[in-house]
Every structure is written in structure tokens, then in C-alpha cells.
Amino acid sequence: MTPSPRERLIAGTIALVRERGVAGTGITDLLARSGTARRSVYQNFPRGKAQLVEESTQVAGRMMSSIIAGFTAGDSPTDSLAAFIQMWKDTVVSSDFTAGCPIAAAALGGTEVPLGPAIAAEVFEDWTGLLAEQLARAGVGESVARSLATTAVCAIEGAAILSISSRSVRPLDEVGVHLAELVSLHLDGNRR
């Protein structure tokens, strides 16, 4: 089944925002990337680029939350974090270090998309919640689990940015090592 113009616009927006950020993504580029007519933007997104980025951020967030939910369905928080990091490594390498996080881009794009930071905050909160729930199931106290999950999301997102800028997965590898150590300390501390 051929994607609708709306679906193509959303997919194109996610891709361009990952590569260029919100400010670097223009309507003309979105039309070229999605293969849609200009009228499709305003028929599907009456508020134009801002609404398109908002809805694309929500779609990208749901897709990523679904992936993280799959990672956290198991019993091992360290395995989940390793899978999250591996996903980022695969992403940055396969894009030749050009594809960043569309959620982070929306968080930084508030001057053009005023609701972008709030939508990004909701998505990041969802990711943090998924990781915190798994940590709590593994025996980490709720407040510590929440703090560890926040630390993990911040560290992984930051490492992805450093990996893109340095054109190396080393930052992701290093964050992975230390997050595994940190989580293991808390898991081992609960087993004593």
C-alpha cells in the first residue's frame, strides 16, 4: 500500500529533522523529500511547518517508545541499555554520522516550533518511565530507578550527539560501559 501524502510528509520531516534540525528543515525540502505537492502540507497541517514538526515528533516518539518498550520487556536493565546504545550506534554508522535524534531536535527547535520542547519532554519522560519501570522490577527502589533512568536517557542522547560530531561511536561505547557499571552497582546493592 502506498503511503498517503500525510504519511510521506511525516516520514520526510522525521528524516530531515534528524539530519538538519528544525531550523534547517524548510517546506521546499520537505516537499522534495516526501514527493508531495505544496497544497498537501496545508491540507494535512493547516498550521504549516510547526504543526508538521509537532506531529512528526509525536510519531517519532511513539516509534522510539515502542522500540524501548521492546528492550525493557525483559528482565535485564543492562541488556536493555546495551540494546538502546547499539540502536544508536547502528543509526549513526548507517547514516554516515548524519542522523541525530528528532526528539532532541524538537526540544531545541522551540523558536520555530513553540510546542516542540513540550512534546519532546513528554517523549523523554515516556522513555525514562519505561527504563525506570524495568529497573524497579529488577529490584531498584522507585526514586533511584527514576534517577538512574533519567541519567541513562541523558547519557545516551548526549553520547549520540558526541558520536555524530566526532564521527565515532566511541562516546556511545564509553557511556555503555559506565551505565552498565552504574546499573550493576544498584542491582548488586539490592541483592545484599
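The values are calculated or read from the model by the stated rules, or taken from the named source; none is laboratory data. Since the structure is predicted, the reported quantities are computational estimates derived from the model, not experimental observations. Note that each Cβ is placed from the backbone with ideal geometry, even for glycine, and that neighbours are counted across all protein chains shown. Heavy atoms of the whole protein, side chains included, go into the accessibility calculation; ligands, DNA and RNA do not. Shrake-Rupley method; radii C 1.70, N 1.55, O 1.52, S 1.80 Å.
Brief remarks on what is shown
- Dipole magnitude (debye, nearest 20) for the chain, charges at Cβ of Lys, Arg, Asp, Glu: 620 debye
- Among THR111, ALA37, ALA60 - extreme Cα towards positive end, dipole of the chain, charges at beta-carbon: ALA37
- Residues SER184 and PHE97, FRET efficiency given R0 of 25 Å [Cβ-Cβ distance, rounded to 0.05]: 0.25
- For region 1-81, the alpha carbon positions stretch 48, 30, 19 Å along the principal axes, listed from largest to smallest.
- Expressed as a whole percent, the accessible surface of the chain that belongs to carbon and sulfur atoms is 57, based on a 1.4 Å probe.
- Once both labels are positioned 7 Å from their Cα atoms along Cα-to-Cβ, the gap between MET1 and ARG47 label points is 2.8 nm.
- Mean accessible surface per residue for region 45-192, computed with a 1.4 Å probe while every protein chain stays in place, in Å²: 48 Å²
- Convex hull (Cα only) mean projected area of region 82-192, reported in nm² to one decimal: 7.0 nm²
- If the convex hull is drawn through the Cα atoms of region 25-119, its volume per residue in Å³: 116 Å³
- Translational D in µm²/s for region 87-126 (Stokes-Einstein at 10 °C, 1.306 mPa s, Kirkwood Rh from C-alpha pairs): 146 µm²/s
- Solvent-free Debye scattering, log10 I(q)/I(0), computed from the Cα coordinates of region 110-167 at q = 0.20, 0.28, 0.29, 0.31 Å⁻¹: -0.80, -1.00, -1.02, -1.07
- Here the mean projected area of the convex hull built on the C-alpha positions of region 1-46 is 3.1 nm².
- Take the convex hull of the alpha carbons in the chain; its mean projected area over all directions comes to 11.2 nm².
- Using the rule -39500 (n - 2.57) for each DSSP H run of four or more residues, divided by the residues of the chain, the 222 nm mean residue ellipticity is -25500 deg cm²/dmol.
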